[in-house]
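Accompanying notes for the structure given below.
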Amino acid sequence: MTDNTSGSTVHNMERRSLGIAAVSFTTVVWGLVPLILKEVRMPTLGFAMYRLWVGVAIYALVLLVTGRRLRWGVIKACALGGVFFGLDVSLTFNAFQITSVANATIIGALAPVFIALGAVRMFGERLGRRDYLFMLLSFAGVALVAIGSVGSADRSTLGDALALASTFSWTAYWLFSKRARRDVSALEYMATVMLVAAAVVTVLNVAGTAIGIPEAGLRPPVGMDWLWICVIALIPGATGHWLVAWSHGHVEAWLASLITQCQPVVGSVAAWIVLDETLAPLVIAGGVIVLAATAAIVVKEARGVPDAEDLEPLSPDPSGG
C-alpha cells in the first residue's frame, strides 16, 4: 500500500512538472504572436475568424486520425468554454486596436489575480504568503514593461473597458477550462472550444462588418496572410491551447496563469531581436522583475516543497479541490 501511494505521488509530481513545462512553452509561443500580427494586412476580427476556423479544421483532422469524435454530451458540457474564448479573442484584439498597448497590457495583467481568487473558492487551491508577494512583484514588472513600451497609441476609455472585459472573459475561460477538464479529455475539450469560439467570432465579425467597424471584415486572406493564419492556428493555437488544457489536470490554475504573465517580456525581447525595436530601461527592469518573480515561484512549486510556516489555507472547504 505504501509503495503504491509513493509511486502515485511521484507520478503526480512528474505530471505536474510536465504541466509547468507545457505552460512555459506555450507562454513563449504566445508571446511571439504580436510579431506575426505586425505582418498581417487584413482586419483583426476577420483574421481571428479565419484563424479559428483553421483551428477547427486542425482539430477535426486530429480527431479523424485518432478515430475519435465529438459526442453531443461533450459539446454541451464544454460549449460555454468556447463562448468565453471567442469573446476573449474579440475583446482582446479590439482592445489593443483601440487603446494603448500599455493600458491593455496592464489591465490584462490583473487576470492571474482574479484567477487565483477564483481558484481558491472553486478548487480549494492554496497559496503561501511568498506566493502572493511574488505575484504582486510579477504584476508590477508587467506594468513596467507596458509603460516602458508606450508608443504613439492613445488611451481610449472604450478600449480600456474592452481590456477590462477581456480580463474577466479570460478569467472565466481559464477557470471553466480547469473544471471541465475533470471530466473531458484535453483533445475533446479544445476541439469543442475551437468550434464554438469560431462560431461566436464569426457572428461578431459579420455584425461588425454590417455596421462598418474597421476591425471587422469578411474578405478572405490573400498572399502571406494565409501563411500567418496557418502558423498561428497550428502552433500558438491548436498546440499551445491543447498543452494548456492538458496542464489544467495537473497544475494549479493560479500557478499556470501566473506563468503566462511572462508573455509581454517574451514579446518585447523578440521584437528587440527580430524587429530591432529599442528596449527602454523600464522594459528591461520590468522584464527582469517578471522573470525573476515567476521563476522563483515556478522553482519552488516544481520542487513540491511547501513552506510550512508560510502556507495558509484560503478556502473554508478543503475538499473543494
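Could you list, in sequence order, all residues of segment 122-133 that are among the charged types (D, E, K, R) and either surrounded by 20 or more Cβ atoms within 10 Å (Cβ to Cβ) or free of Cβ contacts under 8 Å to residues at least 12 places away in the same chain (or both)?
Once the filter is applied, which keeps residues that are among the charged types (D, E, K, R) and either surrounded by 20 or more Cβ atoms within 10 Å (Cβ to Cβ) or free of Cβ contacts under 8 Å to residues at least 12 places away in the same chain (or both), segment 122-133 yields Glu125, Asp131.
Return a yes/no flag: does segment 81-93 have any residue that is open to solvent by 20 Å² or more (accessible area, probe 1.4 Å) and either within 20 Å of Asp183 (Cβ to Cβ) or not in a helix (DSSP H, G or I) (or both).
Yes - at least one qualifying residue is present in segment 81-93.
Quick one: would you say Ala119 is closer than 23 Å to Leu162 by Cα, in a helix (DSSP H, G or I), hydrophobic (A, V, I, L, M, F, W, C) and open to solvent by less than 40 Å² (accessible area, probe 1.4 Å)?
no
Mind checking which helices (runs of 4 or more DSSP H) fall wholly inside segment 172-250 and carry at least 2 residues that are among the small types (Gly, Ala, Ser) and touching a Ser or Thr at 6+ places or on another chain (Cβ under 7 Å)?
240-247
Yes or no: segment 25-36 includes at least one residue that is assigned to a helix (DSSP H, G or I), touching a His at 6+ places or on another chain (Cβ under 8 Å) and under 18 Å from Trp170 (Cβ atoms).
yes
Do we have Glu277 as charged (D, E, K, R) and modelled with pLDDT of 75 or more here?
In short, no.
For segment 104-113, check the following and say yes or no: at least one residue is in a helix (DSSP H, G or I), open to solvent by 40 Å² or more (accessible area, probe 1.4 Å) and either touching a helix residue (DSSP H, G or I) at 6+ places or on another chain (Cβ under 8 Å) or of a type in the set (A, V, I, L, M, F, W, C) (or both).
yes
Of all residues in segment 18-55 being open to solvent by 40 Å² or more (accessible area, probe 1.4 Å) and of a type in the set (Phe, Trp, Tyr), which is nearest to His250 (Cα to Cα)?
Phe25
Looking at segment 6-34, I want the residues that are modelled with pLDDT of 90 or more and have a partner that is crowded, with 20+ Cβ neighbours inside 10 Å and among the aromatic types (Phe, Trp, Tyr) with Cβ atoms under 8 Å, at least 6 apart or on another chain. Which pairs are those?
Listed pairs, sorted by first residue: Gly19/Trp246; Ala22/Trp246.
Could you please let me know if Val283 is at pLDDT below 75, touching a helix residue (DSSP H, G or I) at 6+ places or on another chain (Cβ under 9 Å) and either assigned to a helix (DSSP H, G or I) or loosely packed, with under 12 Cβ neighbours inside 10 Å (or both)?
yes
Residue by residue through segment 149-165, note down the ones that are surrounded by fewer than 19 Cβ atoms within 10 Å (Cβ to Cβ) and either modelled with pLDDT under 75 or over 22 Å from the mean Cα position of the chain (by Cα) (or both).
Across segment 149-165, the qualifying residues are Val150, Gly151, Ser152, Ala153, Asp154, Arg155, Ser156, Thr157, Leu158.
Looking at Thr192, is it open to solvent by less than 30 Å² (accessible area, probe 1.4 Å), modelled with pLDDT under 95 and not aliphatic (A, V, I, L, M)?
Spelling it out, it is not the case that Thr192 is open to solvent by less than 30 Å² (accessible area, probe 1.4 Å), modelled with pLDDT under 95 and not aliphatic (A, V, I, L, M).
Yes or no, residue by residue, for (1) in contact (Cβ under 8 Å) with a residue 24 or more places away in the chain; (2) not aliphatic (A, V, I, L, M):
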site: Lys178; (1), (2): yes, yes
site: Val184; (1), (2): yes, no
site: Leu187; (1), (2): yes, no
site: Met190; (1), (2): yes, no
site: Gly208; (1), (2): yes, yes
site: Ile213; (1), (2): yes, no
site: Pro221; (1), (2): yes, yes
site: Trp226; (1), (2): no, yes
site: Ile229; (1), (2): yes, no
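Regarding Val299, is this residue loosely packed, with under 15 Cβ neighbours inside 10 Å and in a helix (DSSP H, G or I)?
yes
For (1) part of a helix (DSSP H, G or I); (2) closer than 28 Å to Gly287 by Cα; (3) small (Gly, Ala, Ser); (4) over 19 Å from the mean Cα position of the chain (by Cα), each residue gets a yes or a no:
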site	(1), (2), (3), (4)
Gly46	yes, no, yes, yes
Ile58	yes, no, no, yes
Arg68	no, no, no, yes
Cys78	yes, no, no, no
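The values are calculated or read from the model by the stated rules, or taken from the named source; none is laboratory data. Bear in mind the structure is a predicted one, so any value in this text is a computation, not a measurement. Quick reminder, even Gly has a Cβ in these numbers, built from the backbone with ideal geometry, and neighbours come from all protein chains shown. When the accessible area is computed, the model is the full protein with side chains, heavy atoms only, and any ligands, DNA or RNA have been set aside. Shrake-Rupley method; radii C 1.70, N 1.55, O 1.52, S 1.80 Å.
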